[in-house]
1. May I ask for the distance between the Cα centers of the range 276-345 and the range 47-67, given as a whole number of Å?
2. Would you kindly derive the ³J(HN,Hα) couplings of the range 40-56 from the backbone phi angles with the Karplus curve 6.51 cos²θ - 1.76 cosθ + 1.60 (θ = phi - 60°), listing them in order in whole Hz, with x for Gly and Pro?
3. Take every DSSP beta bridge with both residues inside the chain and express the antiparallel ones as a percent of the total, to the nearest 5.
4. Where nothing but the Cβ of Lys and Arg (+1) and of Asp and Glu (-1) is charged, how large is the charge dipole of the range 65-219 around its Cα centre, in debye to the nearest 20?
5. Size of the dipole of the chain about the Cα centre, Lys and Arg at +1 and Asp and Glu at -1 on the beta carbon, nothing else charged, in debye to 20?
6. Order these peptides, 56-66, 149-159, 237-247, 223-233, by their mean beta-carbon neighbour count within 10 angstrom, highest first.
7. Quick one: order Glu167, Glu314, Glu294, Glu81 by neighbouring beta-carbon count within 10 Å, fewest to most.
8. Cut-off is 10 Å between beta-carbons; in what order do Cys177, Cys284, Cys141 appear when sorted fewest neighbours first?
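Each reported figure results from applying straightforward, stated rules to the coordinates on display, with no laboratory input. Nothing here was measured: the structure is a model prediction, and the numbers come from that model. So basically every Cβ, Gly included, is an ideal-geometry build from the backbone, and we count neighbours across all protein chains shown.
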Amino acid sequence: MMNILSLARPEVRGLVVYPGPDLGENSIRLHANEAARALDALALAGLNRYPDVRPAGLTRKMAELYGVTAENVLVTRGSSEGIDLLMRAFCVAGQDEVLLTPPAFEMYQVYASIQGAATVSVPLQADKDYSVDAEALLGACNERGKLIFLSSPNNPVGTVVPRQQIEKILRALEGKCVVVVDEAYVEFSESGSLVSLVAEHENLVVLRTLSKAYALAGARCGAVVASPPLIVLLEGLLPPYALSSPVVSLAELALSSRNIACARKNIRETVAERERVRRMLATCSVIEKIWPSEANFLFVGVTDVDSVKKRLAEAGVIIRTYDDNSQLQGCVRISIGTVDENNSFLDAIRSLG
Ligand SMILES: Cc1ncc(COP(=O)(O)O)c(C=O)c1O
């Protein structure tokens, strides 16, 4: 098996992970030029101290949540940061390429551009429920192609890339290209995560997040799941103390067994609501097509985006439109809200006929 790190930028391979001392509960901390006393307010207790260089406890909890070992997990500030780290680790500016399958999450393009990496687009097949064209993707991947981003379920469409197709791509590109599977919405899908495959495929990276199913978008907390050497490589790019103590404490709290049970109940309710909204939308004359979403949103073709958007705005409902993107013209993305929010949305759209 080829060592996947040989695909990374040489200067990144040479980075040394920031060292953190082994601190016990009762250590006398005279090593980091911190303030010795915290301010008086209870909410600020403990903030005179730096957080852990890397949040070991939260890493363990996220590993347990995802069913992998702690060595397979790098906790990041949202999965967005994971995307950025991958671009910086693997793409030499002005030389390397990133393969995208639009329509896709916009930040892949943004972070590639910031890194100076060219992007090669292999569009999803609009006439085949936006499925991936694996042959075209493999054909477009030459020696400059370092990263492929696939989101499953896809944002904005909500469709899933079949596991066998991803495995085929992984095998074909072993030792040649890193395949990043962004699973931001996987908890809402029946297909299940691919995290267990990181043990078999060193060119697989899975991105996970607490922003969606675990209701922590405000905390900015996600994870890169990959083989241990790749995790160490990416860790070298993170600033020390990247995750703040309040965020680490809140995310650990969110991953208590009680809160996980609550999140799982919310996921079931969101999926049930998604299917109810789908059924109701199917009876509206302004709806032309509803794609088979496995996420917490629906992607929908409408007869006239402007009138739908205007009517919804009058009712105080904001949806995602794509005026600027010809590939998605005529389509909108609707997040699944609470039952009351969904009813307000449905009332407004049904008033159009
Ligand atoms: C497909 C996909 N990946 C990643 C993200 C980033 O999520 P976060 O940075 O909050 O983890 C999003 C956010 O909407 C997304 O849709």
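1. 38 Å
2. Here the 3J(HN,Hα) series is 6, 4, 4, 5, 9, 4, x, 7, 6, 9, 5, x, 4, 3, 10, x, 4 Hz.
3. Details: 19 of 35 bridges.
Counting DSSP beta bridges with both partners in the chain, the antiparallel share is about 55 percent.
4. Values: 11 positive and 19 negative charges, 36 e Å.
Here the range 65-219 has a charge dipole of around 180 debye.
5. On the way: 35 positive and 41 negative charges, 91 e Å.
Charge dipole, the chain, about its Cα centre: 440 debye, nearest 20.
6. Details: 56-66: 18.5, 149-159: 24.5, 237-247: 16.5, 223-233: 22.4.
Packing proxy ranking, top to bottom: 149-159, 223-233, 56-66, 237-247.
7. Values: Glu167 16, Glu314 10, Glu294 19, Glu81 24.
By the 10 Å Cβ count, ascending: Glu314, Glu167, Glu294, Glu81.
8. Details: Cys177 26, Cys284 19, Cys141 22.
So the residues, fewest neighbours to most, are Cys284, Cys141, Cys177.
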